[in-house]
Amino acid sequence: SYNTFFNNYGKVIMEVVGFDDVRRPYQSFTNNGFQDNTAYGKHCDRTTLNRCEWGSRATILAGSAGQQYNDNVFYNLNNDYELATMNTSQFDVWKTPIDAKMNYWAYNLSYAVSGRILDLSDREGLLEVSFKPWHLNNKTLLSGKCHPGWTLVGDTCFMYHGAPMTFQ
């Protein structure tokens, strides 16, 4: 939580897998900013000329049910999806949908926001994502020009990290 992902390039920007048996409070991603990232796809489908045609370009690839993504800012126009899910498993302990409510998706219409998410509503066998309601603008998530968790002071974004110190 409270991370900024800015101007990155990779197969996916953040992949969250391996938490099949872990309940939701331990898979929580809140108050993050994802901006101007470019994903080129997770897998390579070989073409007739044996070249790679990369799969869906997604900012986040979510691999297990019950994950929680709230109060995040998504603005990655080069990607096909902000959030893409993987196939459900017969061994999934938690069948709850991925909670992606109260995020800013850079769009205000339901069909546009759902178009930024690849899940069960798009393809049978994928994990389900619950995304309603969402933030209509990013003003409550940002401090001026600063991403979630940062505070605008003057012209600069600051983040306070408290730590114990000795007086020696």
*Scan region 107-133 for residues that are more than 20 Å from PHE6 (Cα to Cα), in contact with a helix residue (DSSP H, G or I) (Cβ under 8 Å, 6 or more places away or on another chain), open to solvent by 40 Å² or more (accessible area, probe 1.4 Å) and of a type outside the set (D, E, K, R) and jot them down.*
SER121
*For residues that are free of Cβ contacts under 8 Å to residues at least 24 places away in the same chain and assigned to a loop (DSSP other than H, G, I, E, B), scanning just region 103-114, find the one that is nearest to the chain's Cα centre (by Cα).*
TYR107
_Filter result (farther than 27 Å from PRO97 by Cα and polar (S, T, N, Q)) within region 131-158_ = SER143, THR151, THR156
*For region 87-105, what are the residues that are crowded, with 22+ Cβ neighbours inside 10 Å and either modelled with pLDDT of 95 or more or among the charged types (D, E, K, R) (or both)?*
ALA100, ASN103, TYR104, TRP105
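Matching residues to (1) touching a Phe, Trp or Tyr at 6+ places or on another chain (Cβ under 7 Å); (2) assigned to a helix (DSSP H, G or I); (3) open to solvent by 80 Å² or more (accessible area, probe 1.4 Å); (4) modelled with pLDDT of 95 or more:
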site: TYR2; (1), (2), (3), (4): no, no, yes, no
site: ASP21; (1), (2), (3), (4): no, no, yes, no
site: PRO25; (1), (2), (3), (4): no, yes, yes, no
site: PHE34; (1), (2), (3), (4): yes, no, no, yes
*Report the residue count in region 123-164 for those that are hydrophobic (A, V, I, L, M, F, W, C), over 16 Å from ASN31 (Cα atoms) and not in a loop (DSSP other than H, G, I, E, B).*
3
*asked:* Which of the numbered conditions does LEU49 fail, given that it passes all the others? Conditions: (1) open to solvent by 50 Å² or more (accessible area, probe 1.4 Å); (2) within 18 Å of VAL129 (Cα to Cα); (3) at pLDDT below 85.
replied: (2)
_Flag for ALA84 being closer than 18 Å to PHE131 by Cα, in a strand (DSSP E or B), modelled with pLDDT of 85 or more and open to solvent by less than 50 Å² (accessible area, probe 1.4 Å)_ = yes
_Residues being of a type outside the set (Gly, Ala, Ser) and either surrounded by 22 or more Cβ atoms within 10 Å (Cβ to Cβ) or within 10 Å of the chain's Cα centre (by Cα) (or both) - total across region 55-81_ = 13
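The values are calculated or read from the model by the stated rules, or taken from the named source; none is laboratory data. Because the structure is predicted, anything quoted here is derived from the model rather than measured. We place every Cβ from the backbone using ideal geometry, glycine too, and count neighbours over all the protein chains shown. Note: accessible area is taken over every heavy atom of the protein model, side chains too, but ligands, DNA and RNA are not part of it. Shrake-Rupley method; radii C 1.70, N 1.55, O 1.52, S 1.80 Å.
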